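What follows is a single structure, written as structure tokens, with notes after it.
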Amino acid sequence: MTTSSSALSASGTTWAGPPRVGPLRLTAVNASVRFVARFLRAMRIRGSFERLEGELVYEERQPSAGSLVARVDVASIRTGNRLRDAHLRSAAWFDARRHPHIGLRSTGFEHSDGGLRIRAVVTVRGREAPVDVECSAPPQGAAATELMGRLTLLRSPYGVGPPPHGVARWDPRAYLVDDAVSVELRLRLDP
């Protein structure tokens, strides 16, 4: 498993969704993907992807019929530093020329501990790894208008960035950028 499970919440309350969503087309207008990576164990590098697309379908009474498919355009990465962005698009990191997208597709939705579990696969640089996202049930009758999901992806299974092959774990270069990257997904559900 390359991610830690996380709860999804809507505007400060836990969320499993309104009774039915979708199919909802996801674009940069109603969805965002942001990330935070730690640098030198002290500084945080924040960024986002400006172009994305996808679709969400969810029905509370039949969660197994739910689906979530999304992909971001790697070339749209933005961290507030053009040189760093160009380096992240390079072959040393995301290799945007050969692998222009990062994808997420659900493999199943199921009720779990009073909430919902979304099983998914994330694809980066042509490599896939499973992700479990835990969602809590909303308060009875609550109308959620925003879905927010947080998860932690490990870079190493996808071959993204340092440490370079052959660098020992005790070598300081292995810790310039943490392996774990926090990812936040936001989807606006109102039309």
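The values are calculated or read from the model by the stated rules, or taken from the named source; none is laboratory data. What you see is a predicted model, and the numbers here were worked out from it, not measured in a lab. Protein only, heavy atoms only, side chains kept; ligands, DNA and RNA dropped before computing areas. Shrake-Rupley method; radii C 1.70, N 1.55, O 1.52, S 1.80 Å.
Between residue 44 and residue 28, residue separation times 0.36 nm minus the direct Cα-Cα distance comes to 3.4 nm.
Express in nm, to one decimal, how much length is gained between residue 65 and residue 85 on full extension, taking 0.36 nm for each residue of separation and deducting their alpha carbon distance. Don't jump to the answer; show the numbers that get you there.
On the way: separation 20, 0.36 × 20 = 7.20 nm, distance 3.78 nm.
That pair, residue 65 and residue 85, stretches by 3.4 nm at full extension.
Residues whose amide H falls under 5 Å from that of residue 26, counting only those 5 or more places apart or on a different chain, are 54, 55, 56, with hydrogens built in the peptide plane. For residue 123, the accessible area of its heavy atoms, probed at 1.4 Å with every protein chain present, is near 40 square angstrom. A 1.4 Å probe, protein heavy atoms only, puts the accessible area of residue 119 near 80 Å².
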